[in-house]
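Below is one structure, written out as structure tokens; comments come after it.
The values are calculated or read from the model by the stated rules, or taken from the named source; none is laboratory data. Model, not experiment: these values are computed from the prediction. With ligands, DNA and RNA removed, areas are computed over all heavy atoms of the protein, side chains included. Shrake-Rupley method; radii C 1.70, N 1.55, O 1.52, S 1.80 Å.
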Amino acid sequence: MFEFRQKVMALRRYESLCFTLCITLMIEEQAASKTAEHVLCQLFADQQFWQLSEAERQPYLLKVCTRICFQSKQAAVTRTS
């Protein structure tokens, strides 16, 4: 089990990738930044993520990031409809 500090340091390695994925999927920078922050917070508490090997974490991040970006976009569309 990772300690708080270890989790934060590990997630910092994925921060740039996470934001890049979010900006690619969401286009709008402010929404992408907010969504990337949400993804990283979600991963912090995700026990499955921490049980994965380093090689397995990046594809898992991609799945989580994609899911949350699409949920955020859908919620934004619903709010404006």
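List of remarks:
- Candidates Ala55, Ala32 - the one that is open to solvent by less than 40 Å² (accessible area, probe 1.4 Å) and in a helix (DSSP H, G or I): Ala32
- The set of residues in region 9-29 that are in a helix (DSSP H, G or I) and open to solvent by 40 Å² or more (accessible area, probe 1.4 Å) comprises Met9, Arg12, Arg13, Glu15, Ser16, Leu17, Phe19, Thr20, Ile23, Thr24, Leu25, Glu29.
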